[in-house]
Amino acid sequence: MRDSPIRKDIYINKMKENENKRLGLVGGQALLEGVMMKSGDDVSMAVRDESGKILTDHKKIVSLRKKYKICRIPLIRGCVNFVEMLSLSMTTLTHSMEMSGIDTDAPETKFDKWIMDKLGDRMMQVISGIGMVLGLVLGIGLFLMLPTMATKGLDSLAGGHIGPFRSVIEGVIRMAIFIAYVWAVSLMPEIRRTYEYHGAEHKSVACFERGLPLTPENAKTCTRFHPRCGTSFIFVMLLLSIIVNSFLTWDNVWIRFASKLLTIPLIVGLGFEFIMYAGRHDNLFTKIVSAPGLWMQRITTREPDEAQLAVAIAAIMGAIPEAFRDEVRTQLAETGEKLEDTEKFVPKKVSTDKKPSERFDSDRIAQGEGADDAESAENDVGGDAK
């Protein structure tokens, strides 16, 4: 019996060593009935379709940060990452609808036929682009314009005496709008289920980072709160906006609004650097600043069931960094457990006018097969996807 504590200490130390090596290598995002995982150039998706099967898909994306040195400069790399992740988010979200079979049985209208005739294989790209633009417009109006106008109204009611505290009041209003929005959409059954997949994504990433075998049982024991989550990133940006905007002293509401638009790249860059730092360090400073974002994840993540965890694991298996693939497979084999079977997603119509690096490759499966031919991407700032 004396040997048990020693073996336990060795096991704990090994887990900590594995965790330090794996931190920040994999990130992801919840989709419609599925999860997307990203590590380096590898983007892996797993979606449960209407029949209950897990469909997987994979593609490779080379970031601008690897192509151009200027895109790796601190602050600039955060802006580049933000745009790339926003584009990837919309693309994978739209693609997950196709994989899951949502609304595939709906009758085709004349408008649908007209769109297909005009856009053809580019339809999904156009829809994703329109969605991204509308999302940006909504975000700017809701989180920039509305707080600015509301603060201007309060200042008028107070006789112009809140000037020194204007940035703080705007920041508080902005946070209140964000919290109210996130809570309100969580009441929708579809969004609530997406939040469950968000929890599954976090738990599977935490399971990988802790060095545990990637099984639903192990993932279930892991935390659903993660410092590199997009929710935390947004909250950090809201806090940073208070500090940055405090230097904007113009009284004209339109000048203030325009100046805030111009400071967005700076805030995004600073927020990205902090999230990357917080994802790799655990100290008092990161705990204090990360606390609001982690608290918000109590709303944006829900406890997933094992079926949802199986989908998240299928996704992460296709995005495991090359240095850990053999180790992960060996760990899984040693447990004697078999992951839920997956099938490759085969689109109804595959575009041939795109480069291989720009379209999903159905020859790669999220269980890890066919991954040996991929060149390992250097994770200069790992965990890109939130």
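Computed from the coordinates by the stated procedures, all read-outs in this text should not be read as laboratory data. Just so it is clear, the model here is predicted, and its values are computed rather than measured. As a convention, Cβ positions derive from the backbone with ideal geometry for all residues, glycine included, and neighbour counts pool all protein chains shown.
If R0 equals 30 Å, the separation of the Cβ atoms of residue 51 and residue 76 corresponds to a calculated FRET efficiency of about 0.10.
Counting charges near residue 151 (Lys, Arg +1; Asp, Glu -1) among other residues having Cβ under 14 Å from its Cβ returns a value of +2. Given the C-alpha centroids of region 41-76 and region 209-238, what is the distance between them in whole angstrom? So the two Cα centres are separated by 18 Å. Fully extending the segment from residue 249 to residue 156, taken as 0.36 nm per residue of separation minus the present Cα-Cα distance, adds 31.9 nm. If you add up the charges near residue 249, with Lys and Arg at +1 and Asp and Glu at -1, over every other residue whose beta carbon is less than 12 angstrom from its beta carbon, what do you get? Charge balance near residue 249 sits at +1. Greater than 26 Å separation of Cα atoms is the criterion. Which listed pairs, 287/338; 21/287; 220/338; 60/287; 152/260, meet it? Cα-Cα > 26 Å for 287/338; 60/287; rest within.
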